[in-house]
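Chemist: My questions will all concern the structure given below.
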Amino acid sequence: MDNFKVVIVEDVPLELKGTESLLRSEVPEAEIVGTAQTEGEYLRLMRTVKPDLVLLDLGLQGSTTIGVELCRNTKAEHRDIKVLVFTGEILNEKLWVDVLDAGADGIILKTGEMLTRTDIVNVMSGKRYVFNQPMMECIVDSFRKSVSGSALKSEASIGYDIDEYDERFLRHLALGYTKEQITTLRGMPFGVKSLEKRQAELVQKLFPDGRGKQGINALRLVTRAFQLHILDIDNLEPDEE
């Protein structure tokens, strides 16, 4: 690996010292050309130096969004600069997505072994989505849950004879749409009376034991659809109207 210049953005002095020490001992090719503990310090620093790599802590000054904006602005102005993100937000998956959308080349979760030479080498060699082991464990866990959920939904749809229109109808009921509003959805070829009939048929399908069917309203019906995994609360989006 060729020599390269690094800027470290970290507002915790002890962690900043640890990162500097690791680079000096494990990555002799890295020349630390500046450090910053605040957004202002980073912006002023970047006016005078152009690093090859920015090691960026997301949580600056108590904010988890400043780091995302710094990443986005850095990539917008200097697409060739690598940005490897540090974050202690180990449960904030939305934040991970935001910073990846902002152009980050990788994410290192601040848990266990925070940073290694391998991480640096991978980023500098041009690899995208460089993650440490804790991050990979979270990704694999989410992947497993997603695949499992999709399988359960597919099995439920087959087992209860749920077609595309049933799923769309139930999903929009769950989102608070009235039957009148559902009839206006693109590609929904049913009037209100047809939807009322479809709702009655869904009650028969989803409550096959026959108990209390007269008292089953739309709320109970969609709750049952969630219980049976016909609907997925993590993918509850409306169709185009």
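Each value in this text was obtained by applying a stated rule to the coordinates, not by laboratory testing. Only a predicted model underlies this, so the values are computations on that prediction, with no experimental measurement involved. Neighbour counts are summed over all protein chains in view; Cβ atoms, including those assigned to glycine, are modelled from backbone coordinates with ideal geometry.
Chemist: What is the dipole size for the chain, taken about its Cα centre, with +1 at each Lys and Arg Cβ and -1 at each Asp and Glu Cβ, in debye to the nearest 20?
Modeler: Values: 30 positive and 40 negative charges, 142 e Å.
With Lys and Arg at +1 and Asp and Glu at -1, about 680 debye.
Chemist: Over the residues of the chain, compute the C-alpha Rg and express it relative to 2.2 N^0.38 Å. Please list the in-between numbers first.
Modeler: Values: Rg = 25.4 Å, N = 241, 2.2 N^0.38 = 17.7 Å.
In units of the 2.2 N^0.38 Å rule of thumb, it is 1.44.
Chemist: So the label point goes 7 Å from the Cα of Val49 along Cα→C-beta, right? Which residues of segment 1-37 then have their backbone N under 11 Å from it?
Modeler: Taking a point 7 Å out along Cα→Cβ of Val49, the residues of segment 1-37 whose backbone N falls under 11 Å are 5-9, 31-36.
Chemist: Semi-axes of segment 1-62's equivalent ellipsoid from the Cα gyration tensor, sqrt of 5 times each eigenvalue, largest first, rounded to whole Å? The partial results should precede the final answer.
Modeler: Working: eigenvalues 73, 44, 11 Å².
In descending order the semi-axes read 19, 15, 8 Å.
Chemist: Here's something else I'd like to know. Divide by every residue of the chain the summed helix terms, -39500 (n - 2.57) for each DSSP H run of at least 4, and state the resulting mean residue ellipticity at 222 nm, rounded to the nearest 500 deg cm²/dmol. Don't jump to the answer; show the numbers that get you there.
Modeler: Working: 10 runs with 118 residues, N = 241.
My calculation for the chain gives -15000 deg cm²/dmol from helical runs alone.
Chemist: Place a point 7 Å from Cα of Asn217 in the direction of its Cβ. Which residues in segment 168-187 have their backbone N less than 17 Å from it?
Modeler: Only 173-180 fall inside the zone, counting backbone N under 17 Å.
Chemist: If the cut-off is a Cα-Cα distance under 20 Å, which aspartates and glutamates reach Lys193, setting aside same-chain residues fewer than 8 apart in sequence?
Modeler: Lys193 reaches Asp163, Glu164, Asp166, Glu167, Glu180, Glu201, Glu241.
Chemist: What helices in the chain pass both tests, a Cα length along the helix axis of 18 Å or more and a mean Kyte hydropathy of -0.5 or higher, using whole DSSP H runs? Spell out each step's value before the answer.
Modeler: Details: long enough: 13-26 (19 Å, -0.57); 133-159 (38 Å, 0.01); 192-206 (21 Å, -0.63).
Qualifying helices: 133-159.
Chemist: Quick check for me: using +1 on Lys/Arg Cβ and -1 on Asp/Glu Cβ, what's the dipole size of segment 40-127 about its Cα centre, in debye to the nearest 20? Before the final figure, lay out each step's value.
Modeler: Values: 11 positive and 13 negative charges, 54 e Å.
Magnitude of the dipole: close to 260 debye.
Chemist: What is the chain's relative contact order, in percent, from Cα pairs under 8 angstrom and six or more apart in sequence?
Modeler: On the way: 305 pairs, mean separation 31.2, N = 241.
With pairs under 8 Å counted, the relative contact order is 13 percent.
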